[in-house]
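Q: Handing you a structure now.
Each reported figure results from applying straightforward, stated rules to the coordinates on display, with no laboratory input. It should be emphasised that the depicted structure is a prediction, and the values quoted were computed from it without experimental measurement. Heads up, the Cβs are rebuilt from the backbone with ideal geometry, glycines too, and the neighbour counts pull from every protein chain shown.
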Amino acid sequence: MRAGQLPSLGGYANYLPWDRQVRSDLPEATNVNRLNYNFSVTQPLYHWGALQNNTRVGELQLRMTQGQTAEGYRMLVQEIRAQYLGLVIKKNQPGPRPAQPAHGGGQFCGIADQV
C-alpha cells in the first residue's frame, strides 16, 4: 500500500554487436560493438501530502474489498473527525488574524457610507 512512497529502480541495456559507424577520421565505415545502458533510482521526497493520502485511500479500499466495510467506514469517520478537530484547534489558536475591513466588506458598503 505504500508502494508510491518507496524508492524505485529502473533502467535498460542495449547491445548492438554489428553497428556500422561512419567517422570523419577514418577513410571508410567500420563495424563496432556497442553497449548502451542507463540505470536510475528515484525516491519521492514531498508531494504536498498526496502520497500519504493515496496510502490512506488504498488502506480504506483494501478494507472494503476484504469485506470489512464497518472497519473501513470507522477508519474514514475517524480520519474526517481528526482533520476537522485539527482545523477547529488551528482556528482557535491565538495569533495574527487577517485584517477585516472596518465597513464589513460587503457589496453594499458604499451605500451605508453615503447615508
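Q: FRET efficiency for Arg81 and Tyr46, Cβ-Cβ distance as r, R0 = 25 Å, nearest 0.05? The partial results should precede the final answer.
A: Working: r = 26 Å, r/R0 = 1.03.
Using R0 = 25 Å, I get an efficiency of 0.45.
Q: Over all alpha-carbon pairs of region 3-42, lay out the pair-distance distribution in 5 Å bins, whole %, shortest bin first.
A: 6, 18, 16, 13, 12, 9, 8, 7, 5, 3, 2
Q: Would you mind computing, in nm to one decimal, how far apart the modelled labels at Glu59 and Ala13 are, each placed 7 Å from Cα along Cα→Cβ?
A: Inter-label distance under the simple model: 4.0 nm.
Q: Note down, for region 50-92, the three equivalent ellipsoid semi-axes (square root of 5 times each alpha carbon gyration tensor eigenvalue), biggest first, whole angstrom. Before the final figure, lay out each step's value.
A: Numbers: eigenvalues 117, 32, 3 Å².
Output for region 50-92: semi-axes of 24, 13, 4 Å.
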